[in-house]
1. Just to verify a result, which residue in segment 157-188, among those that are under 17 Å from residue 234 (Cα atoms) and crowded, with 21+ Cβ neighbours inside 10 Å, is modelled with the lowest pLDDT?
2. Anything in segment 44-57 that is surrounded by 21 or more Cβ atoms within 10 Å (Cβ to Cβ) and in a strand (DSSP E or B)? List them, or say none.
3. With the requirement that a residue be assigned to a loop (DSSP other than H, G, I, E, B) and touching a residue at least 12 places away in the same chain (Cβ under 8 Å), what does segment 91-116 give you?
4. So for segment 208-215 (the condition being in contact (Cβ under 8 Å) with a residue 60 or more places away in the chain, surrounded by 15 or more Cβ atoms within 10 Å (Cβ to Cβ) and in a strand (DSSP E or B)), does at least one residue qualify?
5. Could you look through segment 233-242, keep only residues that are over 9 Å from the mean Cα position of the chain (by Cα) and closer than 18 Å to residue 158 by Cβ, and pick out the one that is surrounded by the most Cβ atoms within 10 Å (Cβ to Cβ)?
6. Could you list all residues from segment 161-179 that are part of a loop (DSSP other than H, G, I, E, B) and touching a helix residue (DSSP H, G or I) at 6+ places or on another chain (Cβ under 6 Å)?
7. Which of (1) assigned to a loop (DSSP other than H, G, I, E, B); (2) more than 23 Å from the chain's Cα centre (by Cα); (3) surrounded by 15 or more Cβ atoms within 10 Å (Cβ to Cβ) is the odd one out, the single condition residue 3 does not satisfy?
8. So is residue 142 in contact (Cβ under 8 Å) with a residue 12 or more places away in the chain and assigned to a helix (DSSP H, G or I) or not?
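The values are calculated or read from the model by the stated rules, or taken from the named source; none is laboratory data. Just so it is clear, the model here is predicted, and its values are computed rather than measured. Cβ sites come from the backbone with ideal geometry, for glycine too, and all protein chains shown count toward neighbours.
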């Protein structure tokens, strides 16, 4: 058996997330079906991150085991020939048996993309969250540094977890014209953590909250009333580092 790794790009709009679910269209399900079509083998695809419904990726990493002797180039051509338009595989290669897309990862980088124009943009609609009021990107950059380091992130995440502690390595907020992009790198992310973190940063950028309130959320683990979890469509998985 051979261990194969690939980088996957997808438009998450019409997927119910990455992870396989009964009766729903998922990225993992599409990939597994495509692999079976070209190799005749049923495999289990492992992803570096279980992106939510609506989340996009240009740097998702997967691995899977196959017995086929098809070359990496042949797998890439074959898979892209049968996959739907909204998912593609890139840089397919054989790796050593110890590689695991999820557990071997050292860190992951996500972006949250905001269209900050007064008028909506049809070309950004599927992939960017629209905020009409002008954002102070500098204030967002400054408050983003509150998240850097090792913290209990239960106040800026959703769902349940046995361990809420994560380490954030970097937070950057940059504006280019009407586009505001927040890039976050961490060892791992909790459910909806990116959307919650950037939601607080947007509140600061709009003057609705201050840095002290964000610090309090981290220290107490309690959210403020009116806290907004931003839409999934603005989230992009950019890179997984090993």
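1. 157
2. First pass over segment 44-57, keeping only residues surrounded by 21 or more Cβ atoms within 10 Å (Cβ to Cβ): 45, 47-49, 51, 55-57.
Residues satisfying the conditions are 47, 56, 57.
3. Within segment 91-116, the subset assigned to a loop (DSSP other than H, G, I, E, B) is 96-106, 116.
Scanning segment 91-116 gives 96, 97, 99, 100, 101, 102, 104, 105, 106, 116.
4. There is no residue in segment 208-215 that is in contact (Cβ under 8 Å) with a residue 60 or more places away in the chain, surrounded by 15 or more Cβ atoms within 10 Å (Cβ to Cβ) and in a strand (DSSP E or B).
5. Step by step, filter segment 233-242, then rank; the result is 234.
6. To start, the set of residues in segment 161-179 that are part of a loop (DSSP other than H, G, I, E, B) comprises 161-164, 177-178.
Listed by number, the list holds a single entry, 164.
7. Evaluating residue 3 over (1) assigned to a loop (DSSP other than H, G, I, E, B); (2) more than 23 Å from the chain's Cα centre (by Cα); (3) surrounded by 15 or more Cβ atoms within 10 Å (Cβ to Cβ) leaves (1) as the failure.
8. The answer is yes for residue 142.
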